[in-house]
Amino acid sequence: MNIYKFEFSQLKNSTIIWSLSVPLGLAFYMLFFPMIASDTGALESIMASFPEEFLAIFGMNADLPISSLLGYFSLTVSMIYIPLAIQASNYGFHILSVEEREFTADFLLTKPINRLKIFISKIGAALTSLLITNICMWIATISILYIVKGDETFELSKVILILTSFAFLQLVFFSLSLLISVSVKKVSSVLSYSMGLGFGLYIISALGSMLSFSFFNILSPYAHFEPNYILVNSNHHWGYVLITIAMIIISIPMSYFLYNKRNISSL
């Protein structure tokens with residue numbers, strides 16, 4: 001029995017939906033840019049009326065005005081982060097807990113195969129699905145920027161830095177949700193957990209930006225890859241990136257340790 005192929009086939013429809021809907025969502029928002037760019041004065045006067053704390057919640061600041069292509073792109077990316085995080089969380093909460101929810105653990109665990117191979121095969125299938133979504137995001141992002149840019153120019157290297165953050169974000173949410181799934185007694189509703197993690201950490205990031213509370217920024221992966229910071233500084237905030245990498249490195253082995261020790265419920 002090829003567990004990897006089976007698990008990937010189970011995720012196939014989900015992968016297609018996410019790989020189409022998230023890039024299309026990005027394209028939908030970016031298609032409004034020509035209209036916004038045509039009336040920059042009115043937009044900037046409206047933005048000036050909002051306090052800096054409010055703008056910080058949405059990742060906006062004076063260094064990268066929303067009337068510029070990259071400024072508007074930064075705002076769009078901060079919203080696109082959420083569905084990417086929810087997809088990764090969905091797979092993390094689902095991939096190991098599905099046997100307990102559907103009472104198929106007896107069928108799988110009585111086969112002549114150890115838990116390490118099961119773990120690696122399932123993780124590999126989920127990561128392949130996330131990789132497909134990531135590739136679609138790269139293609140869609142670069143394409144739509146060239147379509148809507150008009151007379152503006154932009155540095156592709158800065159956009160690529162943003163695109164690399166997608167993979168980090170997917171991996172950290174996947175690994176955290178994986179760890180949570182083997183830590184709780186039972187994941188009864190994958191969507192509830194993934195939505196809670198995705199939106200919960202976004203709220204923490206927004207509060208950290210609004211209150212200038214660095215501890216909240218450390219807790220939330222969204223703040224580790226804040227689009228405005230990357231585009232203004234032409235670099236990642238490597239201190240936060242290292243925290244993200246540490247989360248991933250700790251979470252996945254710890255997930256296997258707990259999964260290997262877990263008394264999995266069955267019929």
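Here are a few things to note about the model shown:
- Qualifying positions in region 209-267 - within 21 Å of residue 157 (Cβ to Cβ), among the polar types (S, T, N, Q) and outside any helix (DSSP H, G or I): 234, 235
- Qualifying positions in region 175-210 - within 13 Å of residue 223 (Cβ to Cβ) and without any contact (Cβ under 8 Å) to a residue 60 or more places away in the chain: 203, 204, 205, 207, 208
- Of the residues in region 66-80, at least one is among the hydroxyl-bearing types (Ser, Thr, Tyr), modelled with pLDDT under 90 and either surrounded by fewer than 18 Cβ atoms within 10 Å (Cβ to Cβ) or part of a loop (DSSP other than H, G, I, E, B) (or both).
- A residue that is modelled with pLDDT under 80 and of a type in the set (Val, Ile, Thr) can be found somewhere in region 92-107.
- Some residue of region 175-187 being of a type in the set (A, V, I, L, M, F, W, C), under 29 Å from residue 68 (Cα atoms) and out of contact with any Cys (no Cβ under 7 Å at 6 or more places or on another chain): no
- Count - residues of region 144-157 that are closer than 23 Å to residue 84 by Cα, more than 21 Å from the chain's Cα centre (by Cα) and surrounded by 14 or more Cβ atoms within 10 Å (Cβ to Cβ): 1
- Residue within region 8-23 that is at pLDDT 85 or above and not in a helix (DSSP H, G or I) present: no
- Being at pLDDT 90 or above and under 23 Å from the mean Cα position of the chain (by Cα) is a description that applies to residue 123.
- Of the residues making up region 215-267, those that are of a type in the set (Gly, Ala, Ser), within 25 Å of residue 64 (Cα to Cα) and over 16 Å from the mean Cα position of the chain (by Cα) are 234, 239.
- Criterion: surrounded by fewer than 19 Cβ atoms within 10 Å (Cβ to Cβ) and either modelled with pLDDT of 90 or more or over 27 Å from residue 100 (Cβ atoms) (or both) - qualifying residue of 141, 164: 164
- Residues in region 238-267 that are of a type outside the set (A, V, I, L, M) and either modelled with pLDDT under 90 or on the phi > 0 side of the Ramachandran plot (or both): 7 in all.
- Region 167-208, residues that are assigned to a helix (DSSP H, G or I), among the polar types (S, T, N, Q) and within 19 Å of residue 14 (Cβ to Cβ): 170, 175, 177, 181, 192, 194
The values are calculated or read from the model by the stated rules, or taken from the named source; none is laboratory data. Here the structure is a predicted model, which is why all the values come from computation and not from measurement. When we count neighbours, we look across all protein chains shown, and the Cβ atoms used for this are built from the backbone with ideal geometry, even at glycine.
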